[in-house]
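Student: Attaching a single structure in structure tokens format; questions to follow.
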Amino acid sequence: MTERKKLVAGNWKMNGSRASANEIRAMIEGAEALRDRVEMAICPPAVLAGLAGELLSGAALGLGGQDCHAERAGAFTGDISAEMWADVGARYVLVGHSERRTAHGETSDMVNAKASAVLRAGLQPVICLGESLSERKAGATLSVISDQLERSTPIPDETAGIVIAYEPVWAIGTGLTPTLDQVAEAHGRLREALCDRLGDRGRGVRILYGGSVKPDNAAVLMSTPNVDGALVGGASLKAADFLAIARASVGL
Ligand code: PEP
């Protein structure tokens, strides 16, 4: 069986300030005890990347970006390239979060180009996808997420790592979560689609679950087949909650 080390990543969205350094220090301390068991990362807002990158240097807690531009550099006001994320010490960049797909009109083709840029910079793209509530109600979940996977995911070379985050849009920030059967069904379909696309290498790709993961539901969600970690929004802002989720993800 392919071993996939769990990854628990925190998406801070547009939250945090320089005062968050204390919370980051507490996360670093807690992550150290989990170093061998689970991979952990936080994705703070870009303005905190320099501060976070310095604090996280050498830590068991990695740094991630929340988005990037597909180009390396140039006249793209307000944008940040994957190479810039690498420069401040990031290991991951989220691409295609539903808030960006919805509020910034990002298509799966754009997400694919961004994910390729992240690979080009030597980092791991965390490619987010998931169905809306109306798609779930229409019974279209599996076809929607398979299509998003196909269009949003570049084929990486042998050595590069990609990560998929399945995030039902209706579960993000709402306190709602799918049933465990629904999670298992979606992750199982994504695993099949990854293996169709990448052959045996598809078994090594981590598929995170995201959407209202909290300390009290993390253990059951993380023990569902093909769930290889979590992308955590609100509960990643407090070290105590984020660390509790990371511990629960590996049954501690
Ligand atoms: C997210 O934004 O990726 C997310 C999963 O948010 P929350 O955990 O707050 O639902």
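Student: Which of the numbered conditions does residue 107 fail, given that it passes all the others? Conditions: (1) surrounded by fewer than 20 Cβ atoms within 10 Å (Cβ to Cβ); (2) farther than 19 Å from residue 146 by Cβ; (3) touching a helix residue (DSSP H, G or I) at 6+ places or on another chain (Cβ under 8 Å).
Tutor: Status for residue 107: all satisfied but (2).
Student: Continuing with the same structure: Can you spot a residue in the stretch 143-161 that is part of a loop (DSSP other than H, G, I, E, B), at positive phi and surrounded by fewer than 18 Cβ atoms within 10 Å (Cβ to Cβ)?
Tutor: Taking every residue of the stretch 143-161 in turn, none turns out to be part of a loop (DSSP other than H, G, I, E, B), at positive phi and surrounded by fewer than 18 Cβ atoms within 10 Å (Cβ to Cβ).
Student: While we're here: Run down 74, 96 and say which single residue is crowded, with 18+ Cβ neighbours inside 10 Å and either at positive phi or in contact (Cβ under 8 Å) with a residue 60 or more places away in the chain (or both).
Tutor: Among 74, 96, only 96 is crowded, with 18+ Cβ neighbours inside 10 Å and either at positive phi or in contact (Cβ under 8 Å) with a residue 60 or more places away in the chain (or both).
Student: Which of the residues spanning the stretch 90-109 are more than 16 Å from the ligand (Cβ to nearest atom), of a type outside the set (Ser, Thr, Tyr) and within 17 Å of the chain's Cα centre (by Cα)?
Tutor: 90, 91
Student: Name the residues in the stretch 1-47 that are aliphatic (A, V, I, L, M) and surrounded by 20 or more Cβ atoms within 10 Å (Cβ to Cβ), would you?
Tutor: Answer for the stretch 1-47, where residues must be aliphatic (A, V, I, L, M) and surrounded by 20 or more Cβ atoms within 10 Å (Cβ to Cβ): 7, 8, 9, 24, 27, 31, 34, 38, 40, 41, 42.
Student: Do any residues in the stretch 145-171 that are closer than 13 Å to residue 201 by Cα have Cβ atoms under 8 Å from those of residues that are among the β-branched types (Val, Ile, Thr) and not in a strand (DSSP E or B), where the two are at least six apart or on different chains, and which pairs are they?
Tutor: So the pair list comes out as 156/162; 161/205; 162/153; 162/205; 163/205.
Student: When the residues of the stretch 110-133 are narrowed to those that are closer than 18 Å to residue 210 by Cβ and out of contact with any helix residue (DSSP H, G or I) (no Cβ under 6 Å at 6 or more places or on another chain), which ends up surrounded by the most Cβ atoms within 10 Å (Cβ to Cβ)?
Tutor: 126
Student: Just to be sure before I move on: is residue 116 over 14 Å from residue 66 (Cα atoms), away from the ligand (no atom under 16 Å from the Cβ) and of a type in the set (Ser, Thr, Tyr) in the structure I sent?
Tutor: Answer is yes for this residue.
Since every read-out is calculated from the coordinates, none of them should be taken as a lab result. On a predicted model such as this, the values are computed, not experimentally measured, just so you know. Cβ: placed from backbone, ideal geometry, glycine included. Neighbour counts: every protein chain shown.
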